[in-house]
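Asks: Take a look at this one; I'll ask things after.
What follows draws every value from the coordinates through simple rules; no lab data is involved. These numbers were taken from a predicted model, which means no experiment stands behind them. Cβ placement follows ideal geometry from the backbone for every residue including glycine, while neighbour counts extend to all protein chains displayed.
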Amino acid sequence: MILRNDLKGKAIIVTGGTAGIGLATGLLFGKYGAHVYLTHRWGSADEDELRARFEAAGAPAPTIVEADASQDEDTEALMEAVKRDHDAVFALISNVSFAHVSKSHEDLDKKSFLRSLGYSAWPFVGYLQAIRETFGRWPATRWECRRAGLSTSSRATTSWPRARP
């Protein structure tokens with residue numbers, strides 16, 4: 001694990017951070033003292049429960065923000081919230097995903113594919129650009145990896161096509 005012990009007070013943004021891999025990642029950064037910003041959409045977060053989990057882990061309380069990664073206004077509001085307390089974002093963990101559910105090959109179309117790609121992949125790029133625009137630099141310019149960004153998801157994992165009984 002490449003985590004240093006000097007993350008105290010560093011801003012970490014975890015999109016889709018209220019469940020699964022996103023939450024586990026946020027908790028780990030929190031254990032190292034980072035100020036973690038967890039985003040969620042669709043009213044999916046029990047904020048009291050999340051704060052209790054961070055407290056139980058010995059981590060600082062996270063800042064929990066309802067922000068749809070596909071909406072520029074939500075991204076701007078998130079960046080302003082981070083900027084109130086920090087002069088940089090140390091790392092971005094993009095853990096948001098959306099996919100069109102298909103019942104067969106015939107259901108697949110380019111429009112649905114592009115919608116899924118746009119909602120799942122573009123926010124990672126959009127958030128990085130917003131961080132650069134807001135703070136004048138990319139995440140983690142003083143960190144060993146020089147550019148800290150990760151895109152992943154633990155939601156809606158399924159095999160396709162689905163096995164038939």
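Asks: Which of Ala57, Ile131, His100 sits closest to the plus end of the dipole of the stretch 11-151, meaning its Cα is farthest towards the positive end, when Lys and Arg get +1 and Asp and Glu get -1 on the C-beta?
Replies: Farthest towards the positive pole: Ile131.
Asks: Taking the Cβ of Arg53 as the center, what net charge do the other residues with Cβ under 15 Å away carry, scoring Lys and Arg +1 and Asp and Glu -1?
Replies: Neighbourhood net charge equals -3.
Asks: Please report, in debye to the nearest 20, how large the charge dipole of the stretch 11-151 is about its Cα centre when each Lys and Arg carries +1 at its beta carbon and each Asp and Glu carries -1 there.
Replies: Its charge dipole is roughly 600 debye.
Asks: A follow-up question, please. Ranking Val89, Val65 by Cβ neighbours within 10 Å, fewest first, what do you get?
Replies: Placing the least packed residue first, the sequence is Val65, Val89.
Asks: Size of the stretch 11-151 along its principal axes in angstrom, Cα-based, largest extent first?
Replies: Taking max minus min along each principal axis of the Cα atoms, the stretch 11-151 gives 49, 34, 28 Å.
Asks: Points 7 angstrom from Cα along the Cβ direction at Asp85 and Lys31: gap in nanometres?
Replies: In this crude spin-label approximation the distance works out to 2.1 nm.
Asks: Further question on the same structure: Averaged across orientations, what area in nm² does the convex hull of the alpha carbons in the stretch 1-76 project?
Replies: 5.1
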